[in-house]
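Worksheet: the structure to be examined is printed underneath.
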Amino acid sequence: MRVTVLGLGYVGAVAAAALAHDGHDVLGVDIDRGKVERFRRGEVPFHEPGLDELVREGVSRGILRFAETGDVGPGDLGELVFVAVGTPSQPSGAADLSQVEAAMEWLTGLVQGANGMWGDAGDRPVVVMKSTVPPGTGRRLQERYLAAHGIAYVSNPEFLREGSAVHDWFHPDRVVIGSESEEAAARVRALYEGYGAPIVVTHTTTAEMIKYGANAFLATKISFINELANMCDRVGADVEVVARGIGLDPRIGPDFLRAGLGYGGSCFPKDVRALDHLALVYDYPFELLRAVIAVNSRQRLLPLFALRREFGSLAGVPVAVLGLSFKPNTDDIREAPALDLIPLLLQEGAEVRAADPRAAVRARAVLPGAVRVTDSALEAVQGARALVLCTEWEEFRRLDWEDVAACMDEPRFVFDGRNALDRERLEALGFRYQGVGRGRPVGARLGVPAAAKP
Ligand code: UGA
């Protein structure tokens, strides 16, 4: 099939390269000329494992081409036009749909210029929305932009995780297709038949709600385990064992029960806020979501509270922050906990140095100049009295902790914000270890009795 993919972020780029790998003739389109040129050379402008190979394969086979939006004519449009542009948060929490609207205008502009190129509706391109848009958006876009041109709309939400997006594309646990047009839904369905995943075909708004429901539920699961972790710290229980114990119940399941500094990234925070905002617009207070958001905002500050308890004042305390991406295997720093934490540490006088194996360059561009940013953990911990692990990169787990101990100064306080380190080993090496929900002695400061160690 001929497919156009508009928007070459990690969703659009993976879709374009994967569809080309499957043998479709794909044109990847973006407004950013520099990005387009890099893709043409077979380069991926961000870190996504496995994507470079896939892009190079498609480009060398001549089956994956790239163009800037302004250079695309109506004849270049495929039978399917995937839209994978950003839908960031507005200050109100609402999804900012300006890029989606611009995509619709671009497309309808091309269709208007087509001058009878297409005969009946069957020949016209079908819009396939990959961008996450609030429930109700698709029907509105269909009425406002597409109906007059006889173009059908399909909501086809993505469930790709950054860092394993290529794997997730080829191994979906389900495919969701929402449309008011059976023919259009069937055209999209054909793309996915070979993947062997269950395919849910439904109406547009229901498909959109599936996407929000999935992300909101996963975010809720994370905030729930974080609430339990905070209780574990107070009563002296170990949340890691609690998570295993409850996760063995198949009705609960073991995934997304990792306690820590909470969720970040380009998806959960914005989608949960957007659903909360949509609820407000529909005059429905979605109380549970409010709590999920509040818990997540507080969770990322736990290292600050722990450091205050440990040092009293943070003035002049050298603190190493390890992990600046929102999760491992990506250089994406959007809504990364470290980026909220570091300015607060600086504000309290700490001397912050930070390390990340992939995201150092991006983080340096947004962090205050006072922070020394490096890609080497050993450099960051040199002379530090405290270390905060914000992202559980394999490189950090595998550090030579004897070396780290030798580089750091007393009291060698480690806040393991992802419960990723070996507590016993670190304690044996003389670190003062604290995880999230791993049972710490609760001091008189909290006004509750000291809890026993688990
Ligand atoms: C998430 C979803 O997992 C994808 O299914 C979805 O397609 C995507 O959003 C999207 O809407 O585009 P992603 O943001 O890449 O994918 O990352 P996840 O691996 O889901 O992790 C999200 C955040 O939750 C990370 O900050 C991670 O550290 C945190 N997390 C995850 C926890 O704190 N605990 C857990 O148990 C799991």
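Using a probe of 1.4 Å, the accessible surface attributed to K130 totals some 10 Å² when neighbouring protein chains are kept in position. The residues of the stretch 254-300 have, on average, 49 Å² of accessible surface per residue, using a 1.4 Å probe with all protein chains present. Under 5 Å from the amide H of G9 lies no amide H of any residue 5 or more positions distant or on a separate chain, with H modelled from the backbone and absent for Pro and chain starts. In the distance distribution for the chain, Cα-Cα pairs more than 40 Å apart total 27 percent. Calculated accessible area for the stretch 79-147 comes out at 41 Å² per residue, all protein chains present (probe 1.4 Å; ligands, DNA, RNA ignored). Our estimate of slack between D76 and T202, defined as 0.36 nm per intervening residue step minus the Cα-Cα distance, is 42.4 nm. Across the protein chains, with a 1.4 Å probe defining accessible surface, the residues H47, H21 rank H21, H47 from largest area downward.
Ligands, DNA and RNA are left out, and with a 1.4 angstrom probe the accessible area of the stretch 301-454 is 43 Å² per residue. Placing pseudo-labels 7 Å out from each Cα toward the beta carbon at A102 and R2 gives an inter-label distance of 2.6 nm. Counting only protein chain heavy atoms and rolling a 1.4 Å probe, the accessible areas of V361, V371 rank, largest first, as V361, V371.
Relative contact order of the chain: what whole-number percent is it, with Cα pairs under 8 angstrom and at least 6 residues apart? Don't skip to the end; give the middle numbers.
Values: 908 pairs, mean separation 54.1, N = 454.
Answer for the chain is 12 percent.
Expressed in nm to one decimal, what extension gain is obtained for the pair R41 and R298 from 0.36 nm per residue of sequence separation less their Cα-Cα distance? Walk me through the intermediate numbers first.
Details: separation 257, 0.36 × 257 = 92.52 nm, distance 4.35 nm.
Stretched fully, the R41-R298 segment lengthens by 88.2 nm.
For the stretch 74-79, backbone phi angles converted through the Karplus equation (6.51, -1.76, 1.60; θ = phi - 60°) give residue-by-residue couplings of x, x, 7, 5, x, 5 Hz, Gly and Pro being listed as x. Once the Cβ-Cβ distance between E57 and Y195 is put in as r, and R0 is 30 Å, what FRET efficiency do you end up with, to the nearest 0.05? Here the calculated transfer efficiency is 0.95. Report summary: the helix-based calculation at 222 nm, which adds -39500 (n - 2.57) for every DSSP H run with n ≥ 4 and divides by the residues of the chain, gives -12000 deg cm²/dmol. Here the Karplus curve 6.51 cos²θ - 1.76 cosθ + 1.60, taken at θ = phi - 60°, turns the phi angles of the stretch 174-182 into couplings of 6, 10, 10, 10, x, 7, 8, 10, 5 Hz, with x standing for Gly and Pro.
Between the beta carbons of E143 and F217, assuming R0 = 25 Å, the FRET efficiency works out to 0.25 to the nearest 0.05. The figure for W169 is an accessible area of roughly 10 square angstrom, using a 1.4 Å probe on the protein chains alone.
Carbon-plus-sulfur accessible fraction, the stretch 11-99 (probe radius 1.4 Å, protein heavy atoms only): 47%. Only protein atoms count toward the accessible area here, which uses a 1.4 Å probe; on the stretch 100-211, the carbon and sulfur part of that area reaches 51 percent.
The values are calculated or read from the model by the stated rules, or taken from the named source; none is laboratory data. Not measured: the values here are computed from a predicted model. Counting neighbours? That spans all protein chains shown, and the Cβs are built from the backbone with ideal geometry, glycine included. The area values use the complete protein model at the heavy-atom level, side chains included, leaving out ligands, DNA and RNA. Shrake-Rupley method; radii C 1.70, N 1.55, O 1.52, S 1.80 Å.
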